[in-house]
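Below: one structure, written as structure tokens.
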Amino acid sequence: MDILFTVMELAPRNYPSGLHLVNIGYLPKKYEWIDLEFETYNYSLILEGKGRYESPGYSTDIVAPCVITQAPGRIQSYGPDEAGWKEIYLIYDKKRLPVLKERGIWPQPTPVWSVQCLDLFRDTTQLLISRLKLAQSSEQADYLDRLVEQCILTSLMRAPLIQNNDPMASKVLSIRRIVEANLSSPVDWETLAASVHMSLSTFRRHWLKFIGTPPAIYLTRKRMEEAARLLATSKLSIKQIAEQVGYDDPLHFSRVFRRYFGTAPRDYRNGGRKK
């Protein structure tokens, strides 16, 4: 896969979030080490691979998935082992620091942290990569700003399911696996709940506790993310993609997709540019 890079600094924003990216890039295989003092506030999302991080007063081994941050005023040295790693890098200029602090995503106790919410982090970063694969246009700057913030947020979230031995968690996870493996099929939540000996209301309560998003909203998100992936990576028709993510009516699918991404499926496939 090719290196992806987008300059965002001068891209116009129609719906500004306050966190305007300067640059964003995707390195499917990075081998070089970095050893310098930065002038910007950056996040390196390490998706695969291992390496090492060192700075005055702090050093650690790097094991993906994790996040490395860089900031002005500190010499930092880090990089992958001989096998290389997969990385998304995000760059904000100095004037975004007040907003980063206001959102609670800067600073963190250490410049490196491991990702706990693996599924959410994987989903958001894969969606970001699929979007970067498309032809670039200034029209998607607002969307990328927000999607990147979501990637950072999911990297910081704690994952109770990883550390929690609650039997209810296992039941919820089993249903989630069924749902994600059958996105093209109608979902009968009541039947699924009964299959793990829960009432629908009890199931919904525990699903929200462990997943953090109501079942129906989670299903729509997974379907739309899969649709976005197929639009970016396949030559399937809009109708075929709609069917693969559970929509018999391609017009209804297109309306839901537009509400979710702010653009029609065809325009999304064309890189956000209407023709």
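Observations on the structure shown:
- Flag if residue 86 is among the charged types (D, E, K, R), in contact (Cβ under 8 Å) with a residue 12 or more places away in the chain and within 30 Å of residue 210 (Cα to Cα): yes
- Segments classed as helices (runs of 4 or more DSSP H), wholly inside the range 152-210, with at least 1 members that are touching a helix residue (DSSP H, G or I) at 6+ places or on another chain (Cβ under 8 Å), hydrophobic (A, V, I, L, M, F, W, C) and modelled with pLDDT of 85 or more: 167-181, 189-195
- Flag if residue 17 is in a strand (DSSP E or B) and among the hydroxyl-bearing types (Ser, Thr, Tyr): no
- Residue ID - farthest from residue 261 (Cα to Cα), chosen from residues in the range 211-223 that are hydrophobic (A, V, I, L, M, F, W, C) and surrounded by fewer than 19 Cβ atoms within 10 Å (Cβ to Cβ): 216
- For the criterion of being at pLDDT 95 or above and under 19 Å from the mean Cα position of the chain (by Cα), residue 143 fails.
- Single match in 113, 106 (criterion: over 30 Å from residue 270 (Cβ atoms), aromatic (Phe, Trp, Tyr) and more than 17 Å from the chain's Cα centre (by Cα)): 106
- Scanning the range 237-262 for residues that are surrounded by fewer than 14 Cβ atoms within 10 Å (Cβ to Cβ) and within 14 Å of residue 183 (Cβ to Cβ) yields 240, 248.
- Any hit, the range 84-98, residues being within 19 Å of residue 158 (Cβ to Cβ) and in contact with a helix residue (DSSP H, G or I) (Cβ under 9 Å, 6 or more places away or on another chain): no
- Index of the failed condition, residue 180 passing every other in (1) closer than 27 Å to residue 88 by Cβ; (2) surrounded by 16 or more Cβ atoms within 10 Å (Cβ to Cβ); (3) touching a Lys or Arg at 6+ places or on another chain (Cβ under 7 Å): (2)
- Counting only strands (runs of 3 or more DSSP E) that sit completely within the range 65-138, those holding 3 or more residues that are at pLDDT 95 or above correspond to 66-70, 75-80, 85-92.
- Within the range 16-31, if we keep just the residues that are over 21 Å from residue 94 (Cα atoms) and not basic (Lys, Arg), the residue that is surrounded by the most Cβ atoms within 10 Å (Cβ to Cβ) turns out to be 26.
The values are calculated or read from the model by the stated rules, or taken from the named source; none is laboratory data. This one's a predicted model, so the numbers in the text were calculated from it and none came from an experiment. Every residue, glycine among them, receives a Cβ derived from its backbone with ideal geometry; neighbour counts consider all protein chains shown.
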